[in-house]
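Here it is, the structure, as structure tokens.
The values are calculated or read from the model by the stated rules, or taken from the named source; none is laboratory data. All of these numbers come straight from a predicted model, not from anything done at the bench. A quick note on method: Cβ atoms are made from the backbone with ideal geometry, for glycine too, and the neighbour counts reach across all protein chains shown.
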Amino acid sequence: DQQVKQNSPSLSVQEGRISILNCDYTNSMFDYFLWYKKYPAEGPTFLISISSIKDKNEDGRFTVFLNKSAKHLSLHIVPSQPGDSAVYFCAASPNTGNQFYFGTGTSLTVIP
Amino acid sequence: ETGVTQSPTHLIKTRGQQVTLRCSSQSGHNTVSWYQQALGQGPQFIFQYYREEENGRGNFPPRFSGLQFPNYSSELNVNALELDDSALYLCASSRETGYRSPLHFGNGTRLTVT
């Protein structure tokens, strides 16, 4: 039972344009959400997080949006750079317990 | 600041054998979680250790076990290896147990079971 879903396995964007990565979840108990970036042969690197009391969090070129009613979050990268090419995972955690549930990832390619 | 380190990086084992994977947590972190990432999937929670005790477990059988040591380093042990155990095993440390602390991952151990 996949509680966090990333329905786009891959995404290609031109350098300098916006990249939008999407994530949907089914568990209404999730209240803390994170995005990770993963390069080949490396572990996932934490990018940005958001709690359910907010609908937007920004950190430099990265912004995460949360739509609780739709159970949807998205990561915007502006402007996209070739070094952003990686696999991006969204993850969620419920207000009880201590595990994170991950999506299956979206592979982003930024074309120079 | 020293990050999360895992050893070995790669391992090949035969079905039925036992394996031990090791992890050193990031300095200042006292909680360690282990995740399994199968090919094409996202990481799946195995268990978490806090204060040397298991502090939550995912949907994995008892042949997956672990330890945490006083210096917060950790081991993952898997007995009676099965072919489906072939995966990337990720260790992650965090500053405290609790869901509002981001996980910081190591580079993983790639386990192949033949």
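Give the range B:61-114 a look and list any residue that's farther than 23 Å from B:Leu39 by Cβ, hydrophobic (A, V, I, L, M, F, W, C) and in a strand (DSSP E or B), or say none.
Matches in the range B:61-114: B:Leu67 only.
Looking at this structure, is B:Val19 under 14 Å from the mean Cα position of the chain (by Cα) and over 22 Å from B:Thr112 (Cβ atoms)? Lay out the reasoning, then the answer.
Numbers: under 14 Å from the mean Cα position of the chain (by Cα): yes; over 22 Å from B:Thr112 (Cβ atoms): no.
No: the conditions fail for B:Val19.
I would also like to ask the following. Of (1) more than 11 Å from chain A (Cβ to nearest Cβ); (2) over 28 Å from A:Thr106 (Cβ atoms); (3) among the basic types (Lys, Arg), B:Arg95 satisfies all except one. Which?
For B:Arg95, the failing item is (2).
Name, by its number, the condition in (1) at pLDDT 95 or above; (2) aromatic (Phe, Trp, Tyr); (3) in a loop (DSSP other than H, G, I, E, B) that does not hold for B:Phe45.
Condition (3) is where B:Phe45 drops out.
Only one residue in A:Asp59, A:Asp31 is of a type outside the set (A, V, I, L, M), facing chain B (nearest Cβ under 10 Å) and over 27 Å from B:Tyr89 (Cβ atoms), so which one is that?
So the residue among A:Asp59, A:Asp31 that is of a type outside the set (A, V, I, L, M), facing chain B (nearest Cβ under 10 Å) and over 27 Å from B:Tyr89 (Cβ atoms) is A:Asp31.
Would you check which residues across the range B:24-35 are more than 10 Å from chain A (Cβ to nearest Cβ) and crowded, with 23+ Cβ neighbours inside 10 Å and list them?
If the condition is that a residue be more than 10 Å from chain A (Cβ to nearest Cβ) and crowded, with 23+ Cβ neighbours inside 10 Å, then B:Ser25, B:Val32, B:Trp34 are the ones that fit.
Kindly evaluate B:Gly66 against the criterion of being small (Gly, Ala, Ser), closer than 27 Å to A:Gln2 by Cβ and without any contact (Cβ under 8 Å) to a residue 12 or more places away in the chain.
Spelling it out, it is not the case that B:Gly66 is small (Gly, Ala, Ser), closer than 27 Å to A:Gln2 by Cβ and without any contact (Cβ under 8 Å) to a residue 12 or more places away in the chain.
Hey, can you tell me all the residues within the range A:13-48 that are under 28 Å from B:Arg110 (Cα atoms), at pLDDT 95 or above and of a type in the set (Gly, Ala, Ser)?
Of everything in the range A:13-48, nothing turns out to be under 28 Å from B:Arg110 (Cα atoms), at pLDDT 95 or above and of a type in the set (Gly, Ala, Ser).
Can you spot a residue in the range A:77-97 that is more than 15 Å from A:Ile20 (Cα to Cα), within 14 Å of chain B (Cβ to nearest Cβ) and among the aliphatic types (A, V, I, L, M)?
yes
Can you tell me which residue among B:Leu111, B:Leu90 is closer than 24 Å to A:Lys37 by Cβ, away from chain A (no Cβ under 14 Å) and aliphatic (A, V, I, L, M)?
Sole residue among the options that is closer than 24 Å to A:Lys37 by Cβ, away from chain A (no Cβ under 14 Å) and aliphatic (A, V, I, L, M): B:Leu111.
If you check A:Ala41 against the conditions, is it on the phi > 0 side of the Ramachandran plot, hydrophobic (A, V, I, L, M, F, W, C) and either at the interface with chain B (Cβ under 9 Å from one of its Cβ atoms) or surrounded by 13 or more Cβ atoms within 10 Å (Cβ to Cβ) (or both)? Step through it out loud before you land on a result.
Working: on the phi > 0 side of the Ramachandran plot: yes; hydrophobic (A, V, I, L, M, F, W, C): yes; either at the interface with chain B (Cβ under 9 Å from one of its Cβ atoms) or surrounded by 13 or more Cβ atoms within 10 Å (Cβ to Cβ) (or both): yes.
In short, yes.
Of the numbered conditions (1) within 14 Å of chain A (Cβ to nearest Cβ); (2) closer than 28 Å to A:Asn7 by Cα; (3) at pLDDT 95 or above, B:Leu39 satisfies every one except a single condition; which is it?
That leaves (3) as the condition not met.
Here is a further query. Look at the range B:70-91 and say how many of its residues are hydrophobic (A, V, I, L, M, F, W, C) and within 17 Å of A:Ala41 (Cβ to Cβ). I'd like the intermediate steps shown before the answer.
Start the filter on the range B:70-91 by keeping residues that are hydrophobic (A, V, I, L, M, F, W, C), which leaves B:76, B:78, B:80-81, B:83, B:87-88, B:90-91.
Next, only the ones that are within 17 Å of A:Ala41 (Cβ to Cβ) stay: B:87-88, B:90-91.
Total satisfying the criteria: 4.
B:Gln48: within 13 Å of chain A (Cβ to nearest Cβ), crowded, with 21+ Cβ neighbours inside 10 Å and within 23 Å of A:Pro94 (Cβ to Cβ), yes or no? Can you show your working first?
Details: within 13 Å of chain A (Cβ to nearest Cβ): yes; crowded, with 21+ Cβ neighbours inside 10 Å: yes; within 23 Å of A:Pro94 (Cβ to Cβ): yes.
Yes; evaluated as a whole, the condition is true for this residue.
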